[in-house]
Amino acid sequence: MCASKRKKANIMPVVKLYASLRKFAGTKELSMAGGTVRAVVSELARQKPAIGEIVLEKDRLAPHVIVTLNGHNITDLDAPVVEQDVVAIFPPIAGG
Amino acid sequence: MAGWSGNVLDIDLNSQTFTTYPLDREMARQFIGGRGLGARLLWDMVGPEVDPLSPANVLIFTNGPLTATGYQTSNRFSVTTKSPLTGTVLDANSGGFWGMQFKKAGYDVMIVRGRAEKPIWIEIKNDEITFHDASELWGLRVFALTEKLGQNNNRRNVLCIGPAGENLSRLASIMNDRERALARGGPGAVMGSKNLKAIVVEGKDRPKIEDPERFKFLLYETRKLLAASPLTSQALPEFGTVVLMNIMNNIGALATRNHQQTQFEGAEAISGEELTEKYLVRNASCWACPIGCTRISKTGKVEGEGPEFETTWALGAQCGIDDLPAIIEANALCNDLGMDTISVGSTIACAMELSEKGYLDSDLRFGRADQLASVIEAMAYRKDIGADLADGSLRLATKYGHPELSMTAKGMEMPAYDPRGLQGQGLLYATSNRGGCHMRGNMIGLEVLGLPKLIDRFQVQGKSSFVILNQNSSAAIDSLVICKFTNMGVADEYFARVLSAVTGIQYATGEMIKVGERVWNLERLYNNREGFTSKDDTLPPRLLTEAPGDGPSQGWVSHLEPMLKEYYRTRGWDQNGVPTKQKLTELGLVNLLN
Amino acid sequence: MVDPRIYEMFRDIGRDLFTSNMISSHGGNLSIRLGDRVVIKRRGAMLGQLKPHDLIETRLDRNDSGVALASTELLVHRTVYLNTPALAICHCHPRTAIAFSLSRDELVPIDNEASYLLKKIPVVTEEFASGTLQMANKVAEALRNYKIIMLRGHGSFATGQTLDEAFHWSSTLEESCQIELAAKLINEPFIEYRGMSGSYSKF
């Protein structure tokens with residue numbers, strides 16, 4: 001019986017994509033490195049330019065894009081992000 | 001008269017006769033049409049002594065001056081009555097094509113009084129009004145009946161009740177154009193109590209527009225605005241209203257299992273994304289609407305309109321159900337039977353909780369998608385356990401000793417948005433004149449979507465002025481009558497200008513919204529007269545005292561009390577929530593109290 | 001003291017107003033309606049450098065102790081809140097817009113953004129700039145039908161549901177006027193690119 005080697009889990013923040021963003025990304029969920037919401041979203045835009053075009057306008061969020069950090073709406077892109085955080089991004093949408 | 005057709009059709013079911021007379025112009029100017037005009041007329045006609053299911057109650061169908069002008073979404077119409085579910089003033093609002101046709105038939109208002117001795121249906125072809133025997137039609141479900149009476153979207157439109165209305169279920173809706181609904185508060189039961197099975201209209205005349213040049217310009221600008229807004233031009237057509245499922249779940253404001261939680265682990269499975277990917281056939285729209293939010297969905301068993309977000313929530317998360325095809329089929333069943341999906345779903349959820357806790361002897365359990373169809377049928381026919389559920393969750397929960405487990409405000413089941421995640425929304429439900437309703441001033445624009453801008457959903461101080469503005473604006477729009485989704489791309493100032501261009505009467509934006517304030521206060525007076533007090537401006541104890549244990553809304557309850565105090569003051573009401581004489585004078589309502 | 005989140009909103013927009021040259025050091029004003037109360041700048045405070053104590057909260061319908069400290073323009077703001085659906089007011093001095101207001105009764109933008117968002121900005125006149133009932137009523141009356149108006153030679157008043165909405169209209173207006181000024185310098189025939197633009201002045 002050998003002692004099991006404990007591997008440090010490589011946890012990164014998770015980005016969840018919704019509505020039309022899914023088809024542009026080809027997926028619903030990605031792990032994305034970054035210490036702030038801005039860093040995470042910029043990295044996402046770099047990896048998936050089609051998403052970047054919808055979500056970012058210069059270096060700000062495009063109007064009516066909804067970004068939440070662990071369920072809380074984000075307006076300050078410089079909010080810090082840690083490994084277990086979930087960043088959710090919705091393109092401009094509405095309903096009743 | 002421009003805009004309005006200028007005519008009231010007054011029907012007496014007892015004698016099967018009718019009269020027509022001119023619409024009171026001053027009343028029209030003050031209340032415009034739709035919900036506003038309906039409220040004003042109901043005030044005169046139906047007082048506290050009237051049982052909603054008695055012949056003395058009335059059904060008032062109303063258009064607005066914009067209806068059938070061709071302005072975007074100028075297809076909507078209202079029905080106003082005293083609600084058999086809540087006992088409050090009730091207006092229900094629907095889209096499709098019937099309202100447009102009714103206006104073309106030459107009427108702004110149709111009042112239906114009394115009760116027919118035997119089931120009848122009414123046919124309206126401009127000034128030709130015919131009463132037909134409906135004994136062969138009684139018992140028919142909505143889809144078959146609509147087809148049988150010759151539904152043609154653009155030319156001949158059917159409005160009717162299904163078995164639920166016939167059986168006086170207080171959750172019964174009035175359906176039009178097959179799958180559009182005047183849903184909430186039980187108007188279908190009122191129609192059923194009058195032995196009125198259907199009203200079919202054909203019309204010939206488009207309304208007169210006072211300033212066609214200006215109207216054309218505003219139509220053009222509205223087209224540009226709706227096309228430029230990603231909400232109305234992309235998101236709603238592509239995903240429909242169900243797109244909200246993941247959004248509301250993500251922020252911890254999706255009521256789940258009879259409001260026991262604020263997040264649903266099955267949300268993804270019943271989301272707009274899932275619907276579009278697996279079950280959507282195409283989108284569709286009402287008359288003169290470029291948005292096209294309607295879903296046409298298909299499962300192995302059904303194909304038809306819907307489901308909307310609220311429906312998917314009520315029969316889904318609220319019941320702990322994550323089976324989307326079952327929900328789609330249950331929606332079709334509710335439409336065919338003529339029932340309000342929100343109240344149906346939330347009442348079933350209440351029954352599920354009562355059963356799980358042993359207060360109600362039934363096998364209903366959260367998550368049991370297989371039970372939906374049979375319990376909905378039972379409700380429409382008042383059979384077995386359906387008899388207990390047919391009149392809503394408050395009567396059900398009260399009967400079994402636990403009224404606090406009914407997730408209602410003033411007796412109407414609340415929709416999906418959990419107030420513990422949205423402070424403003426809680427204030428809205430508690431103060432809404434027809435009960436727990438989101439369409440009388442929805443706060444999710446401001447508190448979730450950032451429309452026009454994002455405000456803090458947990459902020460309490462100052463929330464009341466946003467709620468009040470939304471309520472007043474919504475009341476104005478419900479009186480025009482225009483679809484609120486247009487409002488998501490087009491600001492109120494455009495509606496005021498369209499109203500002015502069509503009618504020739506100049507309404508500044510602030511004046512149009514003041515009409516909404518007038519309507520709101522009148523509805524409040526009506527409810528006060530019925531015996532409602534500030535004690536009724538409240539929410540179930542669960543929302544005031546039980547905070548979610550996890551999720552983004554963890555630890556939050558609805559802080560209703562301070563918001564409500566501020567609300568009364570801001571509305572110009574006294575501390576008991578009664579409009580002051582000063583406020584009523586300002587709104588031109590003070591003479592109603594004499 | 002006002003809720004920190006509200007203070008931050010005032011501070012950020014006040015700073016943006018100053019840095020974008022829409023106000024002088026001590027000019028302009030911002031307010032919001034909180035239920036039946038108003039939050040407004042302290043008299044003499046600088047919008048570009050607001051501290052928490054620079055925000056005064058006072059009653060909407062009549063005076064209380066807060067009024068001693070509040071800006072002299074409180075009357076205008078109150079009147080607007082009592083007579084329009086506004087929940088926030090941005091009053092500033094957009095230079096180019098003011099210059100245009102001197103010679104016309106309405107501003108009708110030629111650029112895309114402002115014609116899309118604003119269509120037309122009426123100009124009202126009142127000799128006594130601040131603190132009079134006539135001026136307050138005139139401004140409020142105009143704001144019943146337009147979300148941003150000019151007071152000739154003085155500045156703009158914009159309303160919205162939130163401060164950033166009111167600021168949005170103000171900023172758009174000034175940008176629009178600067179574009180028009182540049183077009184006048186360029187002085188070449190205007191090629192109309194917008195459909196039905198002849199109707200903007202009748203908005």
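Here are a few things to note about the model shown:
- Residue satisfying all of: in region A:60-74; in contact (Cβ under 8 Å) with a residue 12 or more places away in the chain and more than 17 Å from B:Ala235 (Cα to Cα); surrounded by the fewest Cβ atoms within 10 Å (Cβ to Cβ) among these: A:Arg60
- Among residues of region B:112-121, those that are assigned to a strand (DSSP E or B) and either basic (Lys, Arg) or under 9 Å from B:Leu13 (Cβ atoms) (or both), counted: 3
- Leading residue by the ranking (nearest to the chain's Cα centre (by Cα)) among those in region B:462-486 that are among the polar types (S, T, N, Q) and within 13 Å of chain C (Cβ to nearest Cβ): B:Ser474
- For region A:6-96, the strands (runs of 3 or more DSSP E) that sit wholly inside it and include 2 or more residues that are within 12 Å of another protein chain (Cβ to nearest Cβ) are A:14-17, A:66-69, A:86-90.
Okay, residues lined up against (1) within 12 Å of the chain's Cα centre (by Cα); (2) at pLDDT 95 or above; (3) more than 14 Å from chain B (Cβ to nearest Cβ):
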position	(1), (2), (3)
C:Ala68	no, no, yes
C:Leu75	no, no, yes
C:Val80	yes, yes, no
C:Ile89	yes, yes, no
C:Arg95	no, yes, yes
C:Ala99	no, yes, yes
C:Leu102	no, yes, yes
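- Evaluation of B:Lys224 against (1) charged (D, E, K, R); (2) at pLDDT below 95; (3) more than 26 Å from the chain's Cα centre (by Cα); (4) more than 23 Å from B:Thr486 (Cα to Cα) (one fails), failing number: (4)
- Residues (away from every other protein chain (no Cβ under 14 Å) and in a loop (DSSP other than H, G, I, E, B)) located in region B:536-548: B:Asp537, B:Thr538, B:Leu539, B:Pro540, B:Glu546, B:Ala547
- The set of residues in region C:29-66 being under 24 Å from B:Trp573 (Cα atoms), surrounded by 18 or more Cβ atoms within 10 Å (Cβ to Cβ) and away from chain B (no Cβ under 13 Å) consists of C:Thr58 alone.
- Residue match in region B:338-354 (condition: of a type in the set (D, E, K, R), surrounded by fewer than 24 Cβ atoms within 10 Å (Cβ to Cβ) and away from chain A (no Cβ under 14 Å)): no
- Filtering region C:41-62 to residues that are of a type outside the set (D, E, K, R) and within 16 Å of C:Ala136 (Cα to Cα) leaves only C:Leu60.
- Scan region B:488-500 for residues that are more than 9 Å from chain C (Cβ to nearest Cβ) and in contact with a Gly (Cβ under 9 Å, 6 or more places away or on another chain) and the total you get is 2.
- Pick from region B:247-285, criterion farther than 18 Å from B:Thr311 by Cα and part of a helix (DSSP H, G or I), ranking: modelled with the highest pLDDT: B:Asn250
- Reported count of residues in region B:218-230, each being under 20 Å from C:Ala114 (Cβ atoms) and touching a residue at least 60 places away in the same chain (Cβ under 8 Å), is 9.
- Residues that are among the aliphatic types (A, V, I, L, M), closer than 20 Å to B:Lys103 by Cα and not in a loop (DSSP other than H, G, I, E, B) within region B:471-513 comprise B:Ala476, B:Ile477, B:Leu480, B:Val498, B:Leu499, B:Ala501, B:Val502, listed in sequence order.
- Count of region B:501-515 residues, restricted to those that are more than 9 Å from chain C (Cβ to nearest Cβ) and either under 16 Å from B:Thr585 (Cα atoms) or of a type in the set (A, V, I, L, M, F, W, C) (or both), is 5.
- All of B:Ile444, B:Ile477 fail the test of being farther than 25 Å from B:Ser553 by Cβ and among the aliphatic types (A, V, I, L, M), apart from B:Ile477.
- Yes/no for B:Lys410 being surrounded by fewer than 24 Cβ atoms within 10 Å (Cβ to Cβ) and either more than 14 Å from chain C (Cβ to nearest Cβ) or among the aromatic types (Phe, Trp, Tyr) (or both): no
- Conditions (1) within 25 Å of B:Ser233 (Cβ to Cβ); (2) facing chain C (nearest Cβ under 9 Å); (3) not in a helix (DSSP H, G or I); number of the one not met by B:Gln459: (1)
- From the options B:Ser393, B:Ser362, B:Ser346, residue that is touching a residue at least 12 places away in the same chain (Cβ under 8 Å) and more than 19 Å from B:Ala255 (Cα to Cα): B:Ser362
- Residue check for C:Ser199: free of Cβ contacts under 8 Å to residues at least 12 places away in the same chain and surrounded by 15 or more Cβ atoms within 10 Å (Cβ to Cβ): yes
- Just one of the numbered conditions (1) within 13 Å of chain C (Cβ to nearest Cβ); (2) farther than 19 Å from B:Thr241 by Cα; (3) crowded, with 23+ Cβ neighbours inside 10 Å is not true of B:Glu447: (2).
The values are calculated or read from the model by the stated rules, or taken from the named source; none is laboratory data. Everything numeric here is computed off the predicted structure, so don't read it as measured data. As a convention, Cβ positions derive from the backbone with ideal geometry for all residues, glycine included, and neighbour counts pool all protein chains shown.
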